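The structure appears below as structure tokens.
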Ligand code: SF4
């Protein structure tokens, strides 16, 4: 029954699900959400919101929210006071640091947490502990974007605002399914296509947008670099490149032209199984458009050669002069989690301080050390996959995890669980007793985004305000408050005591954020970074005068196709691709506790009907999926959206354990796991 009593408060905040960053009005009655509506006139979502942002909110008052700290005693997690919990964490961290050194402690910060919390987390680990062992889940998704865009263009962010999609006459969408993973962007692409823009999709699956596209290049998983080099070949071969731009503002054209001579349409067809005529037609559509935009997602980055994928895709935007010029539409990575851009921007990474200022630069370390009153360690920290290896090797003894369910979300989950078991101390902040929390020695009850004050940065580099609409349940606290309490227990002074103070301190130390403050965001609304002074607007379009590379030019990259970490063979004849579903979000810990789960109560394995027939399985047949790394139980869903020889599943359900299957292969440059290509075998459950 509808409850039509009036609500008592409405708070405008930023969605805590995907990286689009929709602005939402949260209507509250009796400290419980009555409804969420998209904010009228909001710059990103313009009055729209998806099924996650609008309706997946009842998790906030779920009966199994963690409401009190938990300490493991005699093998059981038992309730404790904050003082007991924080003094125990502080005592055990200090003991491990003193016995094994600061690098024996590692922290995984959270792309779900605010900028201010990520700023405080990296300051805590660098000063109170004395190590650069901090990373965030961008390692698992868009680290290749940061590396690739920095190498090609000089900055680790998309070049243009989403609004430039409105001017695009051709959309090249690669390795992304925004209709499900970033629905408001998916809807805006659809609107643009219906208004006449052409659409080229590069994706192994026939997604909803692929079905709508002028051309769908349905390539083999792991073959992106060959396809992008093939498109570059065709653009150069048919003279569809921006000569003046290339001459005046880029380097590397000759090397690229020489390399892609080997990527003619027939050669690419041999690698990617994309018909030659379609590759040629796609290059012509993209090359003859006046204002092309490139949008991409994890289908480009989550590969053993993900950074190469980003760079060879960026080549296409550079060849057309569609970055760094007035009126261009640029290249946009669709960041996954709500604040994955911000977590990295804030320096929750093992090799950079806030604003991507390198740890390796002694002058930068000195500047931060002076401001923080504490030396900054010069030794680079561990990346997330390295943390797990180091834990198993006995080099990392304590793992501190903020708001990430690494036992479900990270690849080769069996290896992750081994790492958790190997640690002397595992500490978690979480909303629920996650699979990771089950391994923890101390679990600290955290606040959700609906209960926090701060900012997020969305996928097009917009700082946006996050405001508390609810009070945290029981004794749950924000990650900011927990870190402050822990620092106090360690007698460490983190300086800033409020989120506004933390962002002000970060801005004072980070030139590209210097003009951003809570006060200004409240008064003026969202601001893009770079924003270099309080009086300046943010730079919505990057690189207009010069690229941020050392020589000021965009760097074309001549990179050959290299095969993925795994290929199908007689023992594992199918390639598994993992991805997302519309109604759920990542590990599903929030969306599974909402009515959204009625629309998808369990995960399925998509496979082609011909493969299903060969395997003797039908809709709903229970199957066992086995890889070299583990096995998972799923139910079959035959679908023509997937090519023969391939399979697809998401990891939203802990029971399905899809990440038990995914391999330990990682991008050589960034360590990003290859979630998108795993060789598997499939069999009806009773036969395997
Ligand atoms: Fe939230 Fe993303 Fe949906 Fe917008 S598109 S409402 S940010 S989940």
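How large are Rg and Dmax for region 143-334 when calculated on the C-alpha trace, in angstrom?
14.8, 40
Rounded to the nearest 5, what % of the DSSP beta bridges within the chain are antiparallel ones?
Details: 44 of 87 bridges.
Around 50 percent antiparallel, to the nearest 5.
How large are Rg and Dmax for region 332-422 when calculated on the C-alpha trace, in angstrom?
Cα radius of gyration and Dmax of region 332-422 are 15.4, 43 Å respectively.
Under a no-solvent Debye model with one identical scatterer per Cα of region 9-61, what's log10 I(q)/I(0) at q = 0.22, 0.23 Å⁻¹?
Cα-only, vacuum Debye calculation for region 9-61: -0.74, -0.81.
Counting every Cα pair in region 492-571, what percent are over 22 Å apart?
Percent of Cα pairs beyond 22 Å in region 492-571: 52.
When only alpha-carbon atoms count, how far does region 507-640 stretch along each of its three principal axes, as whole angstroms with the largest first?
Taking max minus min along each principal axis of the Cα atoms, region 507-640 gives 66, 46, 27 Å.
When averaged across all projection directions, what area in nm² does the alpha-carbon convex hull of region 213-258 cover? Before the final figure, lay out the partial values.
Details: hull surface 17.5 nm².
Over all viewing directions, region 213-258 projects a mean Cα-hull area of 4.4 nm².
Starting from the exponent 0.38 and prefactor 2.2 Å, build the expected Rg for region 273-425 from its residue count and divide its actual Cα Rg by it. Intermediate values should be presented prior to the final figure.
Details: Rg = 20.7 Å, N = 153, 2.2 N^0.38 = 14.9 Å.
Relative to the rule-of-thumb radius for its length, region 273-425 sits at 1.39.
Label residue 247 and residue 167 with points 7 Å out from Cα along Cα→Cβ: what is the distance between them in nm?
2.5
At R0 = 35 Å, how high is the FRET efficiency between residue 610 and residue 194 if r is their beta carbon distance? Nearest 0.05 is fine. Let's see the in-between values first.
Numbers: r = 33 Å, r/R0 = 0.94.
Efficiency, from the Cβ-Cβ distance: 0.60.
With viscosity set to 1.567 mPa s and temperature to 4 °C, compute the Stokes-Einstein D of region 410-555, Rh being the Kirkwood radius across alpha carbon pairs; µm²/s, no decimals. Numbers along the way, then the final one.
On the way: Rh = 18.3 Å.
Rounded, D is 71 µm²/s.
Starting with the highest mean, order 566-577, 483-494 by the number of other Cβ atoms within 10 Å, averaged over the residues of each peptide. It would help to have the intermediate numbers written out before the result.
Details: 566-577: 16.9, 483-494: 18.6.
Packing order, densest peptide first, comes out as 483-494, 566-577.
What's log10 of I(q)/I(0) for region 451-535 at q = 0.13, 0.21, 0.25, 0.26 Å⁻¹, Debye sum over Cα points only, no solvent?
After summing over all Cα pairs, the log10 values are -0.48, -1.03, -1.22, -1.26.
Please sort 619-627, 153-161, 178-186 by packing, taking for each peptide the average over its residues of neighbouring beta carbons within 10 angstrom, highest first.
153-161, 178-186, 619-627
Under a no-solvent Debye model with one identical scatterer per Cα of region 1-125, what's log10 I(q)/I(0) at q = 0.13, 0.21 Å⁻¹?
-0.80, -1.24
Calculate the spin-label point distance for residue 238 paired with residue 362, positioning each point 7 Å from the Cα along the beta-carbon direction, and give it in nanometres.
Placing both labels 7 Å along Cα→Cβ, they lie 5.4 nm apart.
Can you give me the orientation-averaged projected area of the convex hull built on the Cα atoms of region 574-687, in nm²? Could you put the intermediate results ahead of the total?
Values: hull surface 29.6 nm².
Reported value for the Cα convex hull: 7.4 nm².
Hey, could you pull the Cα Rg and Dmax for the chain, both in Å?
Just the Cα atoms of the chain yield Rg and Dmax of 24.1, 71 Å.
For a paramagnetic label modelled at 7 Å from the Cα of residue 290 toward its Cβ, which residues of region 146-169 fall within the zone defined by backbone nitrogen distances under 14 Å?
From region 146-169, the list is 167-169.
What distance in nm separates the two pseudo spin-label positions at residue 255 and residue 281, each 7 Å out from Cα along the beta-carbon direction?
With each label placed 7 Å out from Cα toward Cβ, I get 3.5 nm.
Each value in this text was obtained by applying a stated rule to the coordinates, not by laboratory testing. Because the structure is predicted, anything quoted here is derived from the model rather than measured. Note that we place each Cβ from the backbone using ideal geometry, even for glycine, and neighbour counts take in every protein chain shown.
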